[in-house]
Amino acid sequence: MKKLILLFLFCPHSVIQAQVFAFTVNGQNHRILMDDNYLIETVFMKINGAFVLSRGGYYTKTANGIDLAFEFNSNYERDSLTSISFTLNNPWNKISQADQELEGKWLMAGRVKAEGEQRQNFTGSRKTLKFLLDGYFQWTAFDTESMRFMGSGGGTYSAQNKEYIETLDYFSRDNKKVGKVLPFEFLLNENDWYHKGLNSKSKAMHEIWCRRI
């Protein structure tokens, strides 16, 4: 297992909590979504939102920062990294917005078709995760066994009165979609989130997401 130790990107230990952070280096935006046990860092170009990389997974706190074990790493074929350590130094900039409905981690659980619900197994290594936190979202498709990365997109969102709206800041599969606004209907039923509307290709979709506990 390869492990990278970064000596320059972390915030004071006292503020390790559910928040969204950002910083910019050499024209690249770094955005960090971080709750009480999971962290995703995504890098995209400041000028046009072109996707650079994304990596994330569960973390544990240490005396000097955190250790992050990747569930996915879009750069894995180039760097073979499966974990990373962040230590105390320069603070990230907090960009968290107001709390929204639907906050948390969600796994793709199926779709609603004309003939009814079609559920899929999300307990295996192949997953599609959507992480919503403080007005920001990111979905990522990956395989935890092979570290294979299939795609990701993210940006800002709002969720109220059963209307969920995404604005894309980056999209690994098509940079031309950056800036696109996608409105959806949403319905919560216990731990299920029903997500209905038109996707980035303007095709009808009705997805089921299950809260990741």
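What follows is calculated from the coordinates using simple rules that are stated; it is not laboratory data. Please read all numbers here as calculations on a predicted model, not as lab measurements. All Cβ positions, even for glycine, are placed from backbone atoms using ideal geometry, and neighbour counts span all protein chains on display.
Under a straight-distance cross-link criterion of Cα-Cα below 17 Å, which aspartates and glutamates are reachable from LYS127, leaving out those fewer than 8 residues away in the same chain? Hits, sequence-local ones excluded: GLU71, ASP143, GLU145, ASP192, GLU207. On full extension, the segment bounded by VAL25 and ASN121 gains 30.6 nm, given 0.36 nm per residue less the C-alpha separation. Between the residues TYR38, GLN120, LEU187, the greatest Cα displacement towards the positive end of the dipole of the chain, with unit charges on the Cβ of Lys, Arg, Asp and Glu, is found for GLN120.
Could you give the size of the charge dipole of segment 104-211 about its Cα centre, using +1 on the Cβ of each K and R and -1 on the Cβ of each D and E, expressed in debye and rounded to the nearest 20? Walk me through the numbers on the way to the answer.
Values: 17 positive and 13 negative charges, 73 e Å.
Roughly 340 debye for segment 104-211.
Residue by residue, segment 112-120 carries 3J(HN,Hα) couplings of 9, 10, 4, 8, x, 6, 10, 8, 10 Hz when phi is fed to the Karplus relation 6.51 cos²θ - 1.76 cosθ + 1.60 (θ = phi - 60°); x denotes Gly or Pro.
Just to be sure I understand: if I project the alpha-carbon convex hull of the chain onto a plane and average over all orientations, what area do I get in nm²?
Details: hull surface 48.1 nm².
For the chain, averaging the hull's shadow over all directions gives 12.0 nm².
Take the Cα of LYS201, step 7 Å toward its Cβ, do the same at THR62, and the gap between the two points is 4.2 nm.
Using the average count of surrounding beta-carbon atoms within 10 Å as a protection proxy, the listed peptides 175-187, 95-107 rank, highest first, as 95-107, 175-187. Which pairs, out of LYS46/LYS113; LYS46/LYS94; LYS105/LYS177, put more than 28 Å between their alpha-carbon atoms? Distance filter (> 28 Å) returns LYS46/LYS113.
Can you check what the Kirkwood hydrodynamic radius comes to for segment 73-132, Cα pairs only, in Å to one decimal? Write down the numbers at each step before the final one.
Values: mean 1/r = 0.0625 Å⁻¹.
Computed over Cα pairs of segment 73-132, the Kirkwood hydrodynamic radius comes out at 16.0 Å.
Taking 0.36 nm per residue of sequence separation and removing the Cα-Cα distance, the ARG212/ASN93 pair yields an extension gain of 40.1 nm.
Computed on the chain, with alpha-carbon pairs under 8 angstrom and 6+ residues apart, the relative contact order is 17 percent.
Dipole magnitude for the chain: computed about the Cα centre from +1 point charges on Lys and Arg Cβ and -1 point charges on Asp and Glu Cβ, it is near 600 debye.
Near LEU39: Cβ cut-off under 13 Å, other residues only, Lys/Arg at +1 and Asp/Glu at -1. The net charge is -1.
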